[in-house]
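Asker: Here you go, one structure.
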Amino acid sequence: AVSDDNVTFSTFQDFVIGDYTGRYFKFRVLLTSNNNTATPIVTAVGVTLQLEAFTVSENDVSSGTGTKAVTFPRSFTLLNSIAITLSIQDMASGDKYAISSKSKTGFNIAFQNSSGSGVSRTFDYVAKGV
């Protein structure tokens, strides 16, 4: 059974190896016998879950002169990394940037010139996770 809220689950179904989408999962083992004197013994039951790794990216994002909030087109369960690519098209000597509030849904970025004043820059990013 699968659920997104851990309250409302789908009905149990026969298990088949495949791709399933959900946040919460329940599994059960259903034993049947035509022998009423049989006592079943289950020694092991196992399930392996693997999260799907994926990448999101955007090109030519304009930062504006303040802090730019970037929201990922698809949220991560676990964010592994964010890379600002080397294609910041309009960086000047002494410019720098800072990433803050990194989360599974996005991040903030701010660019400053060599004097510490906010400047608008155009950048690309790549984020990876599961």
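The values are calculated or read from the model by the stated rules, or taken from the named source; none is laboratory data. Note that this is a predicted model, so its numbers are computed, not measured. Heads up, the Cβs are rebuilt from the backbone with ideal geometry, glycines too, and the neighbour counts pull from every protein chain shown. We work out accessible area using only protein heavy atoms, side chains counted, and drop any ligands, DNA or RNA first. Shrake-Rupley method; radii C 1.70, N 1.55, O 1.52, S 1.80 Å.
Asker: Would you mind getting the accessible area per residue of the chain, heavy atoms of the protein chains only, 1.4 Å probe, in Å²?
Answerer: 73 Å²
Asker: Using 7 Å Cα-to-Cβ label points, what is the residue 51/residue 7 separation (nm, one decimal)?
Answerer: My value for the distance between the label points is 2.4 nm.
Asker: Where both partners of a DSSP beta bridge lie in the chain, what percent of those bridges are antiparallel, to the nearest 5? Please list the in-between numbers first.
Answerer: Details: 26 of 26 bridges.
Within the chain, antiparallel bridges account for around 100 percent of the total.
Asker: Which whole-number percent is the relative contact order of the chain (Cα, under 8 Å, 6+ apart)?
Answerer: Worked out over the chain, it gives 28 percent.
Asker: Oh, and also: Suppose every K and R has +1 on its Cβ and every D and E has -1 on its Cβ; what is the size of the dipole of region 57-112 about the Cα centre, in Debye to the nearest 20? Kindly include the intermediate steps, with their values, before the conclusion.
Answerer: Working: 5 positive and 4 negative charges, 61 e Å.
Around 300 debye, computed over region 57-112.
Asker: Pull out a ≥ b ≥ c, the square roots of the eigenvalues of the alpha-carbon gyration tensor of region 1-49, then state rounded if a/c is under 1.5, prolate if not and a/b is larger than b/c, and oblate in the remaining case.
Answerer: prolate
Asker: Cα-Cα pairs above 21 Å in region 60-130: how many percent?
Answerer: Above the 21 Å cut-off, region 60-130 has 23 percent of its Cα pairs.
Asker: With a ≥ b ≥ c the root eigenvalues of the C-alpha gyration tensor of the chain, is it rounded (a/c under 1.5), prolate (a/b larger than b/c) or oblate?
Answerer: The shape class here is prolate.
Asker: Rounded to a whole number of µm²/s, how large is the Stokes-Einstein D of region 29-88 at 4 °C and 1.567 mPa s, given Rh as the Kirkwood radius over C-alpha pairs?
Answerer: Value of D from the Cα-based Kirkwood radius: 73 µm²/s.
Asker: While we're looking at this one, here's another question. With the full set of protein chains in place, find how many percent of the accessible area of the chain is carbon and sulfur; take the probe as 1.4 Å.
Answerer: Here it works out to 48 percent.
Asker: Another question, if that's okay. Subtracting the Cα-Cα distance from 0.36 nm times the residue separation, let me have the gained length for residue 59 to residue 35 in nm, one decimal. Each step should come with its number before you reach the end.
Answerer: On the way: separation 24, 0.36 × 24 = 8.64 nm, distance 6.58 nm.
Here the segment from residue 59 to residue 35 would lengthen by 2.1 nm.
Asker: Something else about it: For residue 27 and residue 96 in one chain, what is 0.36 nm times their gap in residues minus the Cα-Cα distance, to one decimal in nm?
Answerer: 19.8 nm
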